[in-house]
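Note sheet for the following structure.
The values are calculated or read from the model by the stated rules, or taken from the named source; none is laboratory data. Being a predicted model, the structure only gives us computed values, none of them experimental. Here the Cβ is made from the backbone with ideal geometry for all residues, glycine too, and neighbour counts use every protein chain on show. These accessible areas exclude ligands, DNA and RNA; they are computed on the full protein's heavy atoms, side chains included. Shrake-Rupley method; radii C 1.70, N 1.55, O 1.52, S 1.80 Å.
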Amino acid sequence: MPARTAMAPSDPSSGSDETGARRADVRRAAAAWSGLAEPGDRTAGALLLAVGPVAALAWLRAAHDHGDRARAVARLRERIDDPVEELTPRRLLTALDRWGPRLGRVDPDRDARALRELGGRVLVRGDEGWPQGLDDLGPAAPACLWVRGDPRALLGPPAVALVGARAATSYGTAVAADLACGLADRGHAVVSGGAYGIDAAAHRGALAGDGPTVAVMAGGADRLYPAGNTDLLERMLARGGAVVAEVPVGATPTRSRFLRRNRLIAALTAATVVVEAAWRSGSLSTATHAAGLLRPVGAVPGPVTSMASTGCHRLLREHEAVCVTSVADVLELLPGGAPSGGAEETHHDPRDALRDVAREVLDGFDARRPMTLDELVPAVGLAASDVLAALGELELAGLAVRAAGGWELTAAARRPAAR
């Protein structure tokens, strides 16, 4: 996972927000830009990084009102040292055609009030609670986040994205719920898109594990989408999770916004796992974004006959995805590569380390009752001294204990062995 990209101090001569604009002005301007530019607009993002949201908004209004757009673009570029590729004159002029018509429609104060009535708030860069992973998106980062619930849900141990198909199978939803529950139980937030199928299973699994879970919306944070998952999303909010969006309240979820929000899911998390996906599933774009951000990607294999898993198999075969079959596999993808809190490897079985003689004695037990040495010796066909030595090994492994008149198996020994 790459180091966080630090924001360079702004040049006072550029009219940057750093020269004294109040924090409230920055927040208001950033909220306005979230409605002016479509998600992932790299020209808008580069402009905000270059001069800040307040100065950028003032420039847009002046360019729109005065009409001489070419002169406005030239003056803007004079204020920016070494303008990046996204801020060429041609791109800025084209962007003005996109942003200008929306100027009269945005009302950040109205939208912020509507969000506050829902218990939410607007987050911008530099705020406590701003997920720094978003800064790795560079010019594609959101201008702000519209957050309902607890923004601290993403500030604990590294979060994990669990994504996949809406038309999921029972196999896929069961795996997603199990992975999410195990991650939540270990304190890791689970991030997904709030949709049907794998997304919903991941959110439910996290709630079952009593951990935080975050849904990234393609529309406004006030529009819990899809409507059929409203109860689930409300439960997430009530249990310390969050619903986040990069567009203002009231914004409509569209196909393009669904695809673009996937970059946020990838950037908000330390690893992305695709649980179940068809060959052209939209969830594969989340994996692509994660790989582009140098975040690890995992994929859960499915039956080779299942079309619902062909996308996962494609990731494993054609890309650098890691095969994920357990919570432990996911934890290995996270920074440090080890389970947080000292969680044990889920595949560990004390029977795996037994010598052959101890295995034979273990197999000779009657799991329903204690057995004496005299009963075990003929049952396994070994000398009494070998059986005694094996019983000591089984006791040390936590698989057998002394009982009245003999020995009996522990609960760990009665548990089915992993296959």
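I need the peptides 160-167, 149-156 ranked by packing, meaning the mean over residues of other C-beta atoms within 10 angstrom, with the highest value on top.
Details: 160-167: 27.0, 149-156: 19.1.
Packing order, densest peptide first, comes out as 160-167, 149-156.
Could you give the size of the charge dipole of segment 121-244 about its Cα centre, using +1 on the Cβ of each K and R and -1 on the Cβ of each D and E, expressed in debye and rounded to the nearest 20? Before the final figure, lay out the partial values.
Numbers: 10 positive and 12 negative charges, 33 e Å.
For this selection, approximately 160 debye.
May I ask for the angle, rounded to the nearest 10°, between helix 23-36 and the longest principal axis of the chain, with both axes built from Cα atoms and the value confined to 0 to 90°?
90
Would you mind working out the magnitude of the charge dipole of the chain relative to its Cα centre, with +1 at each Lys and Arg C-beta and -1 at each Asp and Glu C-beta, to the nearest 20 Debye? Don't skip to the answer; put the middle values down first.
Values: 48 positive and 50 negative charges, 408 e Å.
That gives a dipole near 1960 debye.
Quick check on the chain: helices-only [θ] at 222 nm, where DSSP H runs of length 4 and up contribute -39,500 (n - 2.57) each and the sum goes over total residues. Nearest 500, please. Please list the in-between numbers first.
Details: 17 runs with 176 residues, N = 419.
The helix contribution divided over the chain gives -12500 deg cm²/dmol.
Which of 85, 128, 360 moves most in a GNM of the chain, Cα contacts under 10 Å?
Ranking 85, 128, 360 by mean-square fluctuation puts 360 first.
Could you do me a favour and compute the accessible area per residue for segment 273-396, 1.4 Å probe, result in Å²?
Numbers: 6450 Å² over 124 residues.
Per residue, segment 273-396 has 52 Å² of solvent-accessible surface.
How would you order 261-271, 131-141, 88-98 from highest to lowest mean count of nearby Cβ atoms within 10 Å? Intermediate results must be reported in sequence, preceding the final value.
Working: 261-271: 25.2, 131-141: 19.0, 88-98: 15.2.
Final packing ranking: 261-271, 131-141, 88-98.
Mind giving me the nanometre distance, one decimal, between the label points for residue 79 and residue 373, set 7 Å out from Cα along Cα→Cβ?
Roughly 9.1 nm, to one decimal.
Expressed in nm², what is the orientationally averaged projection area of the convex hull enclosing the Cα positions of the chain? Present the calculation step by step, with values, prior to reporting the outcome.
On the way: hull surface 100.1 nm².
Value for the chain: 25.0 nm².
Where the centre of each part is set by its Cα atoms, how far does segment 170-187 sit from segment 221-265, in angstrom?
Cα centres, segment 170-187 to segment 221-265: 20 Å.
Which whole-angstrom value gives the distance between the alpha carbon centres of segment 303-330 and segment 47-109?
What the calculation gives is 44 Å, centre to centre.
Starting from the Cα of residue 152, step 7 Å along the direction of its Cβ; do the same at residue 174; then give the gap between the two resulting points in nm.
Label at residue 152, label at residue 174, 3.8 nm between them.
What do you get for the angle between helix 42-51 and the principal long axis of the chain? Use alpha-carbon atoms, 0 to 90 degrees, nearest ten.
Once rounded, the angle reads 70 degrees.
Taking every DSSP beta bridge that has both residues in the chain, what percent is antiparallel when rounded to the nearest 5?
Numbers: 12 of 30 bridges.
Antiparallel bridges: around 40 percent, rounded to the nearest 5.
Round to the nearest 0.05 the FRET efficiency obtained for residue 355 and residue 128 when R0 = 60 Å and r is the Cβ-Cβ distance. Walk me through the numbers on the way to the answer.
On the way: r = 56 Å, r/R0 = 0.93.
Efficiency, from the Cβ-Cβ distance: 0.60.
Please report the carbon-and-sulfur percent of the accessible area for segment 119-198; probe 1.4 Å, protein heavy atoms only, DNA, RNA and ligands left out. Intermediate values should be presented prior to the final figure.
Working: 1320 of 2620 Å².
Carbon-and-sulfur percentage of accessible area, whole number: 51.
Kindly rank 250-256, 321-327 from highest to lowest mean number of other beta carbons found within 10 Å of each residue.
Ranking the peptides 250-256, 321-327 by packing returns 321-327, 250-256.
Angle between the Cα long axis of helix 108-117 and the longest principal axis of the chain, 0 to 90 degrees, nearest 10?
Between the helix axis and the principal axis of the chain, the angle is about 30 degrees.
Quick one: if the Förster radius is 60 Å, what FRET efficiency do residue 323 and residue 71 give, using the C-beta to C-beta distance and rounding to 0.05?
Numbers: r = 57 Å, r/R0 = 0.96.
After rounding to 0.05, the efficiency reads 0.55.
Between residue 256 and residue 230, what is the label-to-label distance in nm when each label sits 7 Å out along the Cα-to-Cβ direction?
Simple spin-label model gives 2.9 nm for this pair.
At a Förster radius of 41 Å, what calculated FRET efficiency corresponds to the Cβ-Cβ distance of residue 117 and residue 93, to the nearest 0.05? If you can, show how the numbers build up before the last one.
Values: r = 39 Å, r/R0 = 0.95.
After rounding, the FRET efficiency stands at 0.60.
Can you find, among 250, 361, 94, the residue farthest towards the positive end of the dipole of the chain? Put +1 on the C-beta of Lys and Arg, -1 on that of Asp and Glu.
Looking along the dipole axis, the top candidate is 94.
Might you report the magnitude of the Cβ-based charge dipole of segment 39-96 about its Cα centre, with Lys and Arg at +1 and Asp and Glu at -1, to the nearest 20 debye?
Values: 9 positive and 8 negative charges, 35 e Å.
I would put it at about 160 debye.
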